[in-house]
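Here the structure is laid out as structure tokens; the discussion comes afterwards.
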Amino acid sequence: MDLTLLETTLRERGEPAFRAKQVWEWTARGADGYEAMTNLPRALREELAGAVPFSTLTVETEREARDGTVKTLFRTADGHPVEAVLMQYRDGRRSLCLSSQSGCPLTCTFCATGSMAFGRNLTASEILDQALHFRRRTEVDHAVFMGMGEPMLNLDEVLAAARRLPDVGITHRRTTISTVGWLPGLTRFVDEVEEPIRLALSLHAPDDALRSRIMPVNDRYPLRDVVAECRRHARATNRRVYVEYVMLAGVNDSPEQARALAELLGRDDFKVNLIPYNPTGLYDGSSRDRIAAFKAVLDRAHVPATVRLTRGRDIEAACGQLAAAPKRERAAVSRS
Ligand code: SAH
């Protein structure tokens, strides 16, 4: 729901200020339309239904994986594709993976989103509407900004959305914003954000030469600066920054690289999440043994590390697979 449009519409009608709050509360708790908002006068509900579309996004397709993961492809009102994912765990946890942009202007070589056309930044309402879509289906309690896009390129809208997530059921402590290390946004995040929102860094390489090769953004913001900024955040908040490290066979998965990573990060400020590579074309994923050996090096160096469970791979909903089109179509597009 376009919350700015909602407010101006209510104001123009001369409605009291609390109406916007009423509408938001119903929406955040999973109401599926204005009709359900029984403490609003019927005439107002009908008027809102005509004036303020209930969602800024329309659902184009929705697929459910064998493990219960749901991936939804939305369109913005001006036609841009946006994907978001609901992960449902056996222990009852319900986690959302939200997009901050349609497509992504960065070109990380292992990520499918980087190979589709960049559309634009999403508004706070478009980000929230992804969460609200799933909230209408189930209660939700975690969110990660790990869908399409680079959150630090769209920080104001991402924060405006994140600040409303507690009303949807997702506390700040259960909200994570992930970045490649886009320094202007990252520095602002570290300096300005007071809410206990978790920070995650997509690192993927322990040295500049390799990182620049697989993540061109590293040429602009080198690894030492980015890691230093994240360390500053960890120390200021007394919470570890999560490091994402996608395991690419023969590229970044050797024991020496694990040692270099341990050296770079140290014991106190980071927690490493080793991510099995989800096939997007260019690379081979590291074997399970190779991942275990890499983790063993980190364990010996007392750097906390876990291996991320892969979910939703059969519907291309896993990390790095959001690209708003089945692979075959993408290939056809890039040939033309
Ligand atoms: N742009 C931000 C937000 C997206 S997060 C960022 O990069 O942090 C998406 C996560 O999935 C990142 O950690 C990314 O590096 C990871 N990823 C990308 N492609 C992947 C792939 N093919 N397999 C596994 N993880 C991947």
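The values are calculated or read from the model by the stated rules, or taken from the named source; none is laboratory data. This is a predicted model, so every value here is computed, not measured. Positions of Cβ are generated from backbone atoms using ideal geometry, with glycine treated the same way; all protein chains shown enter the neighbour counts. Heavy atoms of the whole protein, side chains included, go into the accessibility calculation; ligands, DNA and RNA do not. Shrake-Rupley method; radii C 1.70, N 1.55, O 1.52, S 1.80 Å.
With θ taken as phi - 60° and the Karplus curve 6.51 cos²θ - 1.76 cosθ + 1.60 applied, the whole-hertz 3J(HN,Hα) list for segment 98-105 is 10, 9, 9, 9, 8, x, 7, x Hz, x standing for glycine and proline. Could you tell me the center-to-center distance, by alpha carbons, between segment 1-53 and segment 145-159 in angstrom? Segment 1-53 and segment 145-159 have Cα centres spaced 27 Å from each other. Most simply put, the chain has about 45% antiparallel DSSP beta bridges, counting only bridges with both residues inside it. Here segment 1-54 is treated as an ellipsoid with the same Cα gyration tensor; its semi-axes, largest first and in whole Å, are 15, 12, 11. Volume per residue of the convex hull around the Cα atoms, evaluated for segment 119-222, comes out as 110 Å³.
Probe radius 1.4 Å, ligands and nucleic acids left out: which of His233, His172 has the largest accessible area, and how do the rest follow?
On the way: His233 15, His172 35 Å².
I get His172, His233, largest accessible area first.
For Val246, the residues whose modelled amide H falls within less than 5 Å of its own, excluding neighbours fewer than 5 places apart on the same chain, are His204, Ile275. Note on the chain: GNM, Cα springs under 10 Å; of Phe18, Phe189, Phe294, the largest mean-square fluctuation is that of Phe18.
Amide H contacts under 5 Å for Val272: Val243, Ala305, Thr306, restricted to partners 5 or more places along the chain or on a different chain, H placed in the peptide plane at 1.01 Å from N. Note that segment 22-107 presents 45 Å² accessible area per residue, ligands and nucleic acids not counted, probe 1.4 Å. What you get for the chain, charging only the Cβ of Lys and Arg (+1) and of Asp and Glu (-1), is a dipole of about 780 debye around the Cα centre. For the chain, the convex hull spanned by the alpha carbon atoms encloses 141 Å³ per residue.
Between Glu263 and Thr38, the FRET efficiency estimated from the beta carbon spacing at R0 = 41 angstrom works out to 0.10.
Return the FRET efficiency for the residue pair Arg220, Glu46: r is the Cβ-Cβ distance, R0 is 51 Å, and the value is rounded to the nearest 0.05.
The pair Arg220/Glu46 has a calculated efficiency of 0.50.
Using a simple spin-label model with pseudo-atoms 7 Å out from Cα toward Cβ, Asp91 and Thr58 lie 4.0 nm apart.
Accessible area of Arg311 (1.4 Å probe, protein heavy atoms only, ligands and nucleic acids ignored): about 40 Å². Projecting label points 7 angstrom from Cα along Cα→Cβ for Glu25 and Thr8 puts them 2.7 nm apart.
Packing around the peptides 32-41, 135-144, 243-252, taken as the average count of other Cβ atoms within 10 Å per residue, puts them in this order, highest first: 243-252, 135-144, 32-41.
Calculated FRET efficiency, Asp208 and Arg232, Cβ-Cβ r, R0 25 Å, to nearest 0.05? With R0 = 25 Å, the Cβ-Cβ based efficiency is 0.80. Among 218-230, 150-162, 122-134, sorting by the average number of other beta carbon atoms lying within 10 angstrom of each residue, highest first, gives 122-134, 150-162, 218-230. For Glu60, nonlocal amide neighbours, meaning residues 5 or more places apart or on other chains whose placed amide H falls under 5 Å from its own, are Leu73, Phe74, Arg75.
For a 4.7 Å threshold on C-beta separation, the list of partnerless cysteines in the chain reads Cys97, Cys104, Cys230, Cys319.
Legend: residues Arg239, Arg267, Arg288, sorted from most to least accessible area (1.4 Å probe; ligands, DNA and RNA excluded), read Arg288, Arg267, Arg239.
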